[in-house]
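First comes the structure, then the notes that go with it.
Where a number appears in this text, it was derived from the coordinates with a stated rule and is not lab data. Keep in mind the model is a prediction, meaning the values are calculated, not measured. No Cβ is skipped: glycine too gets one built from the backbone with ideal geometry, and neighbour counts run over all protein chains shown.
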Ligand code: CA
């Protein structure tokens, strides 16, 4: 295989640095500091690998882990489809030729579902033909690498796709419409107004703002914001979304949070306009 082990790239280093820059502000209680450090750990982008070649999958897992990503792996399309219900990956590396459900078919399915419609997908394939490339991109993949590829090149592509599609993941200052989150100062503003949020509401907003338009079920929000090791009722999510709305929406201001009936919540993509 034409794969070389790569050292951590400079850009990858920079983006992890910006995540590490978030520091608790002094007036926080110990509980809040604990919650925040748990949240920061969870803020590592999750990459899902769907690849049936065990050696390649292991190599990818090793390198992505070293680069600072959280990694989950599936050996075929069916396993991937199941896993995606539990974890919401920030990016998917998807092999074209898989046993059973093909990469192309899986890609099409993911694009057809509101929860995964916006997840960046990089296709990995042995096919290098231009028509295949176009077919892959037509199906909804964001990028395409042909085997054999160098790990350095793949990691650079992953960073580029992340930056292009999910700038909110790596920046200190995130803007959505007239809402600004300053992660370094741990502050939220809407227009000229300072928005005071509790720690849970802050994490909720930060999570939603990383994935505009993506619909999260209550269970997914619980996992992402509260952590999968904490037992909280799904209804709790509604309470905190309510508080977030109350703090965020002043008189006559548009509500950026969309309630999707029997599905969950998302940040309204139309809010920008
Ligand atoms: Ca394969």
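Taken along the Cα-to-beta-carbon direction at a fixed 7 Å, the label points for residue 178 and residue 251 span 1.4 nm.
If R0 is 22 Å, the Cβ-Cβ spacing of residue 234 and residue 260 corresponds to a FRET efficiency of close to 0.95. Mark the label point 7 Å from the Cα of residue 145 along Cα→Cβ and return the residues of region 95-110 whose backbone N is within less than 17 Å of it. So the set is 95-97. Per the Cα gyration tensor, region 44-100 maps to an equivalent ellipsoid with semi-axes of 17, 14, 7 Å, ordered largest to smallest. If R0 equals 51 Å, the separation of the Cβ atoms of residue 193 and residue 152 corresponds to a calculated FRET efficiency of about 0.65. For the Cα trace of region 150-253, dividing Rg by the Kirkwood Rh returns an Rg/Rh value of 1.03.
Taking every Cα-Cα distance in region 168-207 and sorting them into 5 Å bins from zero, the calculated P(r) comes out as 6, 25, 38, 25, 5 percent. Label separation (residue 160 vs residue 126): 2.5 nm, computed from points 7 Å beyond Cα along the C-beta direction.
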